[in-house]
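One structure is given here, and the rest of the page talks about it.
The values are calculated or read from the model by the stated rules, or taken from the named source; none is laboratory data. This one's a predicted model, so the numbers in the text were calculated from it and none came from an experiment. Here the Cβ is made from the backbone with ideal geometry for all residues, glycine too, and neighbour counts use every protein chain on show. The area values use the complete protein model at the heavy-atom level, side chains included, leaving out ligands, DNA and RNA. Shrake-Rupley method; radii C 1.70, N 1.55, O 1.52, S 1.80 Å.
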Amino acid sequence: VASQIDFHARFGGVVPEIASRKHIEAICGVCDECFDVAASALGIERLTWRDLDSIAVTYAPGLVGALVVGVAFAKGAAWAAGKPFIGVNHLEGHLYANKIGAPDFQPPAVVSLVSGGNTMLVHMKGWGDYETLGTTIDDAVGEAFDKVAKALGLGYPGGPVISRYGAKGDPRAIAFPRAMMHSGDLRFSLSGLKTAVVTYINGEREAGRELNVPDICASFEAAVVDVQVAKAKRALDMTGARTLCVGGGVAANPVLRASYERMCSKAGVRLVLPPLSACGDNAGMIALVALDRFRQKKFFSFDFDAKAHVNLDEPY
Ligand code: KG4
């Protein structure tokens with residue numbers, strides 16, 4: 001993992017142009033370091049591109065300017081080393097990330113994917129066989145954390161700082177809306193909650209009252225988590241799956257993790273939480289998908305390109 005968060009923080013969010021340029025700067029160094037770490041783990045002196053069986057890369061979905069860098073680099077390496085080339089869907093990587101902390105993990109499962117760009121519930125019927133049960137109709141959960149943090153002047157990314165303040169606040173202090181909690185489906189909506197929090201903050205400021213930041217953070221988190229847990233429970237009931245998994249940067253949220261633990265132990269469902277290092281985007285989870293593709297000999301041709309949008313439910 002090469003993080004570039006510091007370069008985006010000063011702008012309060014990810015700047016696509018910066019993301020793309022930082023990918024170019026980082027990619028050679030990250031690969032070199034990966035070879036060094038792998039060589040020492042294998043107890044050999046040196047590992048090179050030619051020693052690999054295949055070269056895999058995330059090709060979709062996401063910011064296309066960043067994806068293009070990885071795809072062009074991986075194609076170049078695969079072509080030069082004469083290795084087969086494999087494209088991986090980033091979201092499928094998050095599903096495979098569950099193997100990192102729990103090697104015995106097997107579908108079927110319901111997966112709650114919560115990150116800065118995605119909020120979805122997926123029925124993982126088997127490896128490579130997915131049904132998206134519901135997504136957000138507007139903002140992603142992580143985006144809501146980031147926007148609320150911005151409104152409170154707490155900086156970017158918002159998730160970690162909101163969890164820190166929230167731990168000291170009262171989650172029942174302010175009744176923020178639980179959007180679409182009873183909509184009867186598995187879709188989410190976060191933009192109304194974000195607006196409710198911003199309206200509350202503005203109202204308090206106009207009334208000359210000092211903001212109780214811990215209470216605002218705790219109440220906002222409770223509103224987010226209540227809906228996530230209720231919908232995940234519904235998805236488990238609908239599919240009959242006996243395992244729940246969580247992935248994406250927001251999976252690091254302690255209130256969400258504790259609430260999922262309570263719900264799953266009550267429902268007698270196995271909860272698989274990837275280690276924190278495997279929740280956010282990482283190359284390890286992409287390699288796990290690629291390993292299955294390699295065994296199935298499912299390779300990409302060199303005319304394949306990066307894509308901003310792809311449907312997780314469609315095999316590729
Ligand atoms: O998966 P990720 O690392 O990147 C992508 O979005 O692809 O997720 C980043 C998101 C950010 O919106 C960040 O605010 C959120 O994950 N996040 C958290 C926490 N840690 C990171 N949200 C809530 N609580 C946290 N502890």
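Do you know the Lys pair count in the stretch 74-158 for C-alpha distances under 27 Å, with sequence separation 8 or more or different chains?
Values: 75/83; 75/99; 83/99; 99/125.
Lysine pairs satisfying the spacing and distance rule in the stretch 74-158 number 4.
Averaged per residue, what accessible surface does the chain expose to a 1.4 Å probe, in Å²? If you can, show how the numbers build up before the last one.
Numbers: 15300 Å² over 316 residues.
Per-residue accessible area for the chain comes out at 48 Å².
For a Förster distance of 35 Å, can you work out the FRET efficiency between the beta-carbons of residue 53 and residue 261, rounded to the nearest 0.05? Each step should come with its number before you reach the end.
Numbers: r = 39 Å, r/R0 = 1.10.
So the FRET efficiency works out to roughly 0.35.
Tell me which aspartates and glutamates have Cα within less than 18 Å of residue 298's Cα, excluding those fewer than 8 residues away on the same chain?
53, 92, 129, 313, 314
Against the longest alpha carbon principal axis of the chain, how many degrees, from 0 to 90 and to the nearest 10, is the axis of helix 141-151 turned?
The angle comes out at about 60 degrees.
Determine the share of the chain's accessible area contributed by carbon and sulfur atoms, expressed in whole percent, with a 1.4 angstrom probe.
55
What does DSSP give for the stretch 105-277 in terms of the percent of beta bridges that are antiparallel, rounded to the nearest 5? Write out the running numbers ahead of the final one.
Numbers: 12 of 20 bridges.
Here the share of antiparallel DSSP bridges comes out near 60 percent.
Based on the Kirkwood radius over alpha-carbon pairs, what value in µm²/s does the Stokes-Einstein equation return for the translational diffusion coefficient of the stretch 105-277 at 25 °C and 0.890 mPa s?
Working: Rh = 16.3 Å.
For the chosen part, D equals 150 µm²/s.
Quick one: which residues, 5 or more positions from residue 58 or on another chain, have an amide H under 5 Å from its amide H? H modelled 1.01 Å from N in the peptide plane, none for Pro or chain starts.
Here the answer is 88, since their amide H atoms fall under 5 Å of that of residue 58.
For residue 175 and residue 207, FRET efficiency with R0 = 25 Å and r from the beta-carbon atoms, rounded to 0.05? Mind dumping the intermediate values first?
Details: r = 18 Å, r/R0 = 0.70.
So the FRET efficiency works out to roughly 0.90.
Only loop residues by DSSP count here, and only those with at most 12 other Cβ atoms within 10 Å; note down the trypsin sites (Lys or Arg not before Pro) in the stretch 186-261 that meet that.
Working: sites: 187, 194, 205, 209, 231, 233, 234, 242, 257; in loops: 187, 209, 242.
Taking the stretch 186-261 and a limit of 12 other Cβ atoms within 10 Å, the loop trypsin sites (Lys or Arg not before Pro) found are 209.
Translational diffusion coefficient, Stokes-Einstein: compute it for the stretch 156-204 using the Kirkwood radius over C-alpha pairs as Rh, at 25 °C and 0.890 mPa s, and state it as an integer in µm² s⁻¹.
Values: Rh = 12.7 Å.
For these conditions, the coefficient is 194 µm²/s.
Rg/Rh for the chain to two decimals, with Rh computed the Kirkwood way over all alpha-carbon pairs.
Values: Rg = 20.6 Å, Rh = 20.8 Å.
Here the Rg-to-Rh quotient is 0.99.
Please give the FRET efficiency for residue 42 paired with residue 282, using the beta carbon to beta carbon distance and R0 = 22 Å, rounded to the nearest 0.05. Each step should come with its number before you reach the end.
Numbers: r = 20 Å, r/R0 = 0.90.
So, using R0 = 22 Å, E works out to roughly 0.65.
Taking amide H atoms as placed 1.01 Å from N in the peptide plane, list the residues 5 or more away in sequence, or in a different chain, whose amide H sits under 5 Å from that of residue 133.
Amide H neighbours of residue 133: 121, 122, 123.
When DSSP assigns beta bridges and you keep just the ones with both residues in the chain, what percent turn out antiparallel, to the nearest 5?
Numbers: 13 of 26 bridges.
So the antiparallel bridges amount to about 50 percent of the total.
Which of the listed residues, 156, 244, 276, is farthest toward the dipole's positive end in the stretch 105-277, when Lys, Arg count +1 and Asp, Glu count -1 at the beta-carbon?
Farthest along the dipole direction, towards plus: 244.
Test of understanding: what is the full-extension gain from residue 294 to residue 79, defined as 0.36 nm times their sequence separation minus their Cα-Cα distance? Could you put the intermediate results ahead of the total?
Working: separation 215, 0.36 × 215 = 77.40 nm, distance 1.63 nm.
Additional length available on full extension: 75.8 nm.
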